[in-house]
Amino acid sequence: MSNILEGAPTVRIEPSRGWISLRLSELWEYRELLYFLTWRDIKVRYKQTALGASWAIIQPLLTMVVFSLFFGKLAGVPSDDVPYPIFSYTALVPWTFFASGLNLSSNSLVQNSSLVTKVYFPRLAMPIASVLSVAVDFALAFLVLVAMMIYYGIAPSWAILWLPLFFLLAFVTSLGVGFWLSALNVTYRDVRYTLPFLVQLWLFLTPVAYPSSLLEEPWRTLLGINPMAGVVESFRWALLGTDTAPGSMIAVSALVALGILASGAFYFRRMERSFADVV
Amino acid sequence: MVNNTAISVNKISKRYRIGLQKQRYRTLRESLANSPGASARNIRTKLTGTRSARSKPIIWALKDISFEVGHGEVLGIIGPNGSGKSTLLKILSRITEPTSGWAEIRGRVGSLLEVGTGFHPELTGRENIYLNGAILGMRRLQIERRFDEIVSFAEVERFVDTPVKRFSSGMQMRLAFSVAAHLEPEILLVDEVLAVGDLSFQRKCMGKMTEVAGEGRTVLFVSHAMPAVSQLCDRVLVLLSGRLTYDGDTNAAINLYTRSIDDGQDVIDTSASSQRSGTGEGKIVQVRLRGADGGTVSFGIGEPFKVQMMIELRDRISQLVAGFELTSLDGNRILNVRSDSQGLSFGPYLNNQVVTLTISVPGLPLYPGTYLIYPWFASRGGKRVDNLEEGIKINLVSQGLLESEALIQARRGVILIDCSWEAHESTKRSDDHPTLSPSRATSE
């Protein structure tokens, strides 16, 4: 393996102005650091907790129980002809991934301020590592989902092949918003206080507890402007075979998510120059 | 540009705005209130706009710094706190951007601005070595290859698999330094990191740094430890309030710097100092240092000076003895002045009396540099009543007794005396035994 900066390259240091390049190649050169940061986040997350990694399962599972009781039983919310518990849990798994990823990434720069002020590395690595580390939690929660599918006797169709792509969509959404909020959080600590509220509000704007089929077209497609709506419905479609294929909605979600990711990354890079001075 | 240049710095300046934090919050609220959908660009424009720039004071942490460093050169950077040394290293390691000017760096850069950056208390020593190594820019293979070396240098073999939070702080520091010391960049930027661990480990760190410097790597070394600077560096920059005031010979730079840190404070109010010990039946409230000519805390070598302490007594004291210890900056006690060693005591004094005691010290035959004075007083035969544990700085500067070139050669000692010298010459006798070498002759 060759060294990081083989061949004594010349680095020019000068004030940057305006919008600057993302320098993704540099990010790639620092992939080992990205790996170690992710690995650290995973290792440390459940240290000194009694229940350890089962927290990754408990959260979506308990929310599912609460939703099933209140929305499924009491309110009688429809669930696209699948049992309500698995209907909501299938949505809660990607949702929890999104929410924890957003939480961690938004606070990543502030929490690691000692790194930011003392070491150089592409700062984008910080929120990326945060979201990556939550993927492990996602995998654990997904195992429970598989168990539930077996219990309810739901066999997935070929549509399950799309799932990795839908997971990517959740990833991109979480990371894109994470880029925005982590960069804002450096200057405005307001983000920290806004975040729980924002996530809660977002949950209700996302068809987690209810099906998007409650909405007529074109409103349903418009709901896709919230990328998590597309994620949640696509998960249901791929795993549970809810027959209301939300194709146009997912397309809208994907576009919006990519837009957030790109704008977030550029905004992040633009603000990056002052991180070490302000954080 | 010449191929041999590793770092060129051209008119680098860095501006900081003071008291920005409050401003930020206000502007956020304003911008949100004014336009609910305000883009971040708007917020930013408001934030860094002319209005806030005009209303807030700014400081230049660095102003028009230019210099070049050749490959393999070991460059020291010295200056008082807040002179911009660390900011300069931060800019060169790309942590923060300059406000204006540019720099070019040719080669792989490793920077070590703080020992233990990124250490996580919950992770084990082993895990932290990998994490910290990666943070400092090492490849995994590189860390694996040098893992044992790192562990044994830090002397933590038995604890490699223990979480770092169970380490003593000394062990943590040693491990952190050890990881950093095994970096292999072509250009190394180091900020004051040698003051780690106990004395023997510090010596080891110093040895390691000397080794690194000797390997032909380019090193930029920021430090307050002048002996380390003079031992390691070929060339030294002196920064004063963000400006480059000297660039050149190591010892000349150190002399210049030691002279400049004279803070001109010859009356030191010690009444509120918490770093003191003793029975507390009285207190040294003020210490005054005066040169023979009533000058300040900087004295010429061999120049007599006075140490005056003002003592506020709470209880009565029948026989008061006093004195001071003088140490070098690294804590070696050089001088112990006490009245009872000359058979002297003072008093009796009643309670609540204020006693001013003046000790006239003849010229000290010490090498130039900064020394610390620790005054104390006691009741004869009893415990110390008050003992200042925070040293008062005095600077001894060369005043013609030595040429600075001579100082450079002779720095290894403590005491500097004015000897008289004689030399005789004669012709070598032809019948001398040819194998008798001069060195052997002198050792006999």
Original post:
Is at least one residue of region A:13-28 more than 27 Å from A:S263 (Cβ to Cβ), at the interface with another protein chain (Cβ under 10 Å from one of its Cβ atoms) and not in a loop (DSSP other than H, G, I, E, B)?
Top reply: no
**OP:** Tell me which residues, restricted to region B:340-383, are under 31 Å from the mean Cα position of the chain (by Cα), under 27 Å from B:G280 (Cβ atoms) and open to solvent by 70 Å² or more (accessible area, probe 1.4 Å).
**Re:** none
**OP:** Output the qualifying pairs, or none if there are none: Cβ atoms under 9 angstrom, residues six or more apart or on different chains, first residue in region B:138-164 and more than 14 Å from every other protein chain (Cβ to nearest Cβ) and β-branched (V, I, T), second residue open to solvent by 20 Å² or more (accessible area, probe 1.4 Å) and outside any helix (DSSP H, G or I).
**Re:** B:V156/B:T162; B:V160/B:T124
Original post:
Considering only region B:169-202, how many residues are at pLDDT below 85 and of a type in the set (S, T, Y)?
Top reply: 2
**OP:** Just need a number here: residues in region A:113-166 that are open to solvent by 20 Å² or more (accessible area, probe 1.4 Å) and outside any helix (DSSP H, G or I).
**Re:** 7
Original post:
In region B:149-164, what count of residues is obtained for those that are in a helix (DSSP H, G or I) and within 27 Å of the chain's Cα centre (by Cα)?
Top reply: 3
Original post:
Tally time: how many residues in region B:102-122 are within 15 Å of B:K14 (Cβ to Cβ) and either hydroxyl-bearing (S, T, Y) or open to solvent by 20 Å² or more (accessible area, probe 1.4 Å) (or both)?
Top reply: 1
Original post:
Could you list, in sequence order, the residues of region B:322-339 that are open to solvent by less than 50 Å² (accessible area, probe 1.4 Å), more than 16 Å from B:D386 (Cα to Cα) and in contact with a Lys or Arg (Cβ under 9 Å, 6 or more places away or on another chain)?
Top reply: B:L326, B:T327
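Can you spot a residue in region A:57-66 that is within 30 Å of A:M149 (Cβ to Cβ), out of contact with any Lys or Arg (no Cβ under 7 Å at 6 or more places or on another chain) and within 14 Å of chain B (Cβ to nearest Cβ)?
Within region A:57-66, the subset within 30 Å of A:M149 (Cβ to Cβ) is A:57-66.
This time we only want the ones that are out of contact with any Lys or Arg (no Cβ under 7 Å at 6 or more places or on another chain), so: A:57-66.
Restricting the remaining residues to those that are within 14 Å of chain B (Cβ to nearest Cβ) gives none.
No, region A:57-66 has no match at all.
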Original post:
Quick check, is A:S212 open to solvent by 10 Å² or more (accessible area, probe 1.4 Å) and among the hydroxyl-bearing types (S, T, Y)?
Top reply: no
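Only one of A:V136, A:V177, A:V186, A:V208 is modelled with pLDDT under 95 and within 14 Å of chain B (Cβ to nearest Cβ). Can you tell me which?
A:V186
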**OP:** Read through the list (1) open to solvent by 60 Å² or more (accessible area, probe 1.4 Å); (2) within 27 Å of B:P80 (Cβ to Cβ); (3) at pLDDT 80 or above, then give the number of the only condition that B:I392 fails.
**Re:** (1)
Original post:
Restricting the search to region B:87-111, which residues are more than 9 Å from chain A (Cβ to nearest Cβ) and at pLDDT 85 or above?
Top reply: B:T87, B:L88, B:L89
Original post:
Of all the helices (runs of 4 or more DSSP H) wholly in region A:214-279, which have at least 2 residues that are touching a residue at least 12 places away in the same chain (Cβ under 8 Å), within 14 Å of another protein chain (Cβ to nearest Cβ) and of a type in the set (K, R)?
Top reply: A:247-278
Original post:
Just for strands (runs of 3 or more DSSP E) wholly inside region B:208-312: which have at least 3 residues that are modelled with pLDDT of 75 or more and open to solvent by less than 50 Å² (accessible area, probe 1.4 Å)?
Top reply: B:218-222, B:235-240, B:282-291
**OP:** Would you check if there is a residue in region A:76-94 being surrounded by fewer than 13 Cβ atoms within 10 Å (Cβ to Cβ), part of a helix (DSSP H, G or I) and without any contact (Cβ under 8 Å) to a residue 12 or more places away in the chain?
**Re:** no
Original post:
So which of A:S157, A:S174, A:S212, A:S130 ends up being more than 20 Å from A:G259 (Cα to Cα) and either under 13 Å from the mean Cα position of the chain (by Cα) or of a type in the set (D, E) (or both)?
Top reply: A:S130
**OP:** Say whether the condition of being within 14 Å of chain A (Cβ to nearest Cβ) and part of a helix (DSSP H, G or I) is met by at least one residue in region B:183-202.
**Re:** no
Subject >> Sole exception among (1) closer than 14 Å to A:W95 by Cβ; (2) of a type outside the set (G, A, S); (3) open to solvent by less than 40 Å² (accessible area, probe 1.4 Å) for A:V278, by number >> reply: (1)
Subject >> When residues of region A:33-48 are limited to those that are aliphatic (A, V, I, L, M) and open to solvent by 20 Å² or more (accessible area, probe 1.4 Å), the one nearest to the other protein chains (Cβ to nearest Cβ) >> reply: A:V44
Original post:
Among the residues of region B:112-130 satisfying the criterion of being under 28 Å from the mean Cα position of the chain (by Cα) and at the interface with chain A (Cβ under 7 Å from one of its Cβ atoms), which is nearest to B:D191 (Cα to Cα)?
Top reply: B:L113
Original post:
Under the condition of being farther than 20 Å from B:G110 by Cα and charged (D, E, K, R), which residue from region B:125-162 is most open to solvent (accessible area, probe 1.4 Å)?
Top reply: B:R158
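The values are calculated or read from the model by the stated rules, or taken from the named source; none is laboratory data. Quick caveat, the model's predicted, so the values are computed rather than measured. All Cβ positions, even for glycine, are placed from backbone atoms using ideal geometry, and neighbour counts span all protein chains on display. Note: accessible area is taken over every heavy atom of the protein model, side chains too, but ligands, DNA and RNA are not part of it. Shrake-Rupley method; radii C 1.70, N 1.55, O 1.52, S 1.80 Å.
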